[in-house]
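Report on the following structure.
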């Protein structure tokens, strides 16, 4: 390393000398005044510079060789020295590491022995604490178990007592409820038996053709009693003159003039084809469509026959209306008749018979009653007009009487005015006369007694 520094300093000195020499030559050349001299001198300088350059090049090569040799020798020495130093450093570090490892092992062993001793002490203390804790827990658990047994025994006794009381109460209530229900069931069975007997009686009643007719007539009579007045309908009426056939009921229609004219009747007859209707209901309950259709057609035939019979027996215009009403006593039967397509229209058009159920007939009778009331109001209106005419005539006579009374009152008023005038004249004449006391006047002019009414 030192050789390298010396060589570098030498080269720097040589280079500095060459530069100074070149600067001196240039300065001398510049000082020459003659161009020709300067040219010759320049050639000389060029030659010298070339020689100097060659010498400097040789010196450079020599210095470079020497410098390389010095660097190589210096590097070799440095490598050897560095290797020795590294070996020494490695040996010292290995010794230090070995010593440190030994010390650390000793410390670790000592710490391990200390920790083992401390763990032994801690383990012994934990064992003692666990033994004490186990003993305490066993004592606490034993006391808790004894307390729980006592409480459970008390709870069991209380629960058994309450369960016994509740069970006895509930059983008593249940038996009483069952007894009440059985009594109600017994009563219900009695009522069901009575109802069954009543249904049997009703079935026996309806099984008779005349009884079925009576059933329809009773319903029809009830509707007429609810809506119509007693003089607006009659029962068992012979609507056709000279015929012995009598319709169940007939409504007396208003509108005939004169007291001696015969009444205009609206025939109402009740029919109840119960056998066909019961067969239809049974078929519908069994979902037998074919049987239901057959029973419905049977009902249609029966209704057509009854409507034709009513037309032939009871319709006789002008003694009756040009139509009659066939009453079906149940809404179910009426609904089945309405369900037959075109049946009601055909009976109305061909047989002049209107089909009516209980609700429909009730509405018809209410409409007729409203018509009757309207007609009665119209008749009463004519009578009222006649009374008003008579009152008008009498009112004219009353005006004449009032006029005469007015003249008489006017005459009395004139007489009173004349008497008043005479009284004032007499008072003026008597003004100068001295008035007597009341007692003296009463003596002179005693009161005249009233004359009895003759």
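Among the listed residues 340, 373, identify the single one that is within 30 Å of residue 247 (Cβ to Cβ), out of contact with any strand residue (DSSP E or B) (no Cβ under 9 Å at 6 or more places or on another chain), free of Cβ contacts under 8 Å to residues at least 60 places away in the same chain and surrounded by 13 or more Cβ atoms within 10 Å (Cβ to Cβ).
Going through 340, 373 in turn, just one is within 30 Å of residue 247 (Cβ to Cβ), out of contact with any strand residue (DSSP E or B) (no Cβ under 9 Å at 6 or more places or on another chain), free of Cβ contacts under 8 Å to residues at least 60 places away in the same chain and surrounded by 13 or more Cβ atoms within 10 Å (Cβ to Cβ): 340.
Report yes if some residue within the range 190-207 is over 30 Å from residue 277 (Cβ atoms), outside the structural domain of residue 278 (by TED's automatic domain parsing) and modelled with pLDDT under 75; otherwise report no.
There is at least one residue in the range 190-207 that is over 30 Å from residue 277 (Cβ atoms), outside the structural domain of residue 278 (by TED's automatic domain parsing) and modelled with pLDDT under 75.
Of the conditions (1) out of contact with any strand residue (DSSP E or B) (no Cβ under 8 Å at 6 or more places or on another chain); (2) more than 25 Å from residue 232 (Cβ to Cβ); (3) free of Cβ contacts under 8 Å to residues at least 24 places away in the same chain; (4) in the same structural domain as residue 225 (by TED's automatic domain parsing), residue 403 satisfies every one except a single condition; which number is it?
(4)
The values are calculated or read from the model by the stated rules, or taken from the named source; none is laboratory data. If you're wondering where the values come from, they're calculated on a predicted model, not measured in any experiment. Counting neighbours? That spans all protein chains shown, and the Cβs are built from the backbone with ideal geometry, glycine included.
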